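Below: one structure, written as structure tokens.
The values are calculated or read from the model by the stated rules, or taken from the named source; none is laboratory data. All values reported here derive from a predicted model rather than from experimental measurement. Here the Cβ is made from the backbone with ideal geometry for all residues, glycine too, and neighbour counts use every protein chain on show. Calculation scope for accessible area: heavy atoms of the full protein, side chains included, ligands and nucleic acids excluded. Shrake-Rupley method; radii C 1.70, N 1.55, O 1.52, S 1.80 Å.
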Amino acid sequence: MAIKQYAVIGLGRFGTSIARRLHEAGQEVLGIDINEERVEDAELYVTHAVVADTTEEKALTSLGIGNFDYVIVAIGNDMQSSILTVSLLKELGIKKVIAKALGKRHGQVLDKVGADWIIYPERDMGERVANQLLSPNMLNYIELSKEYSIEEIMIPSKMAGQNLRDLDLRAKYSVSVIAIVREGDIIISPSPEQIIEEEDLLVMIGNRKDIALFANIE
């Protein structure tokens, strides 16, 4: 998996869960919060952690925020700070800004100021967001344990037209296909002779790291 740079602004429950998962996956993670105690706690699970007011343009530029691939705005209950931060990030040229919305109206404003991905989080869904960031082809997943999961992956285009026997995914990637989703229908326990088509979604089971590697195949 290619190493990318992520900045997580707001180190509450939601931001923490995202930052922790990204860091565990070997990514470069900068944690930012205006609360010094939260920043000190975050130092254990991010690459760097700093105290900063992200509603100040000078603070953002001093952090070199323009060098990050993704910036996640996970500010808690301060809607004004969230909106201003997203607006400043887009003005500074950040290409991918992911923002947590506290509600529909907040989300609409975030959209107007340029947020690329608006999240309406349920409790403790931060890890799911982190997994989607790490593996853009991953559409859904069910965690079986800390190491294993069942995940729905978009089929890499170069594999279309081949059958499961020839692809030999278990030997090559240590993952198994337990179902195929095709135009709304589900093929359960597909046979080795099953041909994979262009728009197929593969439901796979395996080690989370192995599935993440497969999900990043172009």
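General observations
- Residue within region 173-183 that is open to solvent by 60 Å² or more (accessible area, probe 1.4 Å), outside any strand (DSSP E or B), out of contact with any His (no Cβ under 9 Å at 6 or more places or on another chain) and without any contact (Cβ under 8 Å) to a residue 12 or more places away in the chain present: no
- Meeting the requirement of 2 or more residues that are under 16 Å from the mean Cα position of the chain (by Cα) and surrounded by 14 or more Cβ atoms within 10 Å (Cβ to Cβ), the strands (runs of 3 or more DSSP E) wholly within region 1-109 are 5-9, 28-33, 70-73, 97-100.
- When we screen Ala74, Ala25, Ala2, Ala52 for residues that are under 30 Å from Ile217 (Cα atoms) and at pLDDT 90 or above, the only hit is Ala74.
- Pairs with Cβ under 7 Å, 6+ apart, first in region 17-45 and within 11 Å of Gln5 (Cα to Cα), second open to solvent by 100 Å² or more (accessible area, probe 1.4 Å): Gly26/Ile3; Gln27/Ile3; Glu28/Ile3; Leu30/His48
- Pick from region 122-135, criterion open to solvent by less than 40 Å² (accessible area, probe 1.4 Å) and of a type outside the set (Gly, Ala, Ser), ranking: modelled with the lowest pLDDT: Asn131
- Residue selection: Ser191 fails the criterion of being in a strand (DSSP E or B) and open to solvent by less than 70 Å² (accessible area, probe 1.4 Å).
- Scanning region 148-164 for residues that are under 18 Å from the mean Cα position of the chain (by Cα) and open to solvent by 20 Å² or more (accessible area, probe 1.4 Å) yields a count of 4.
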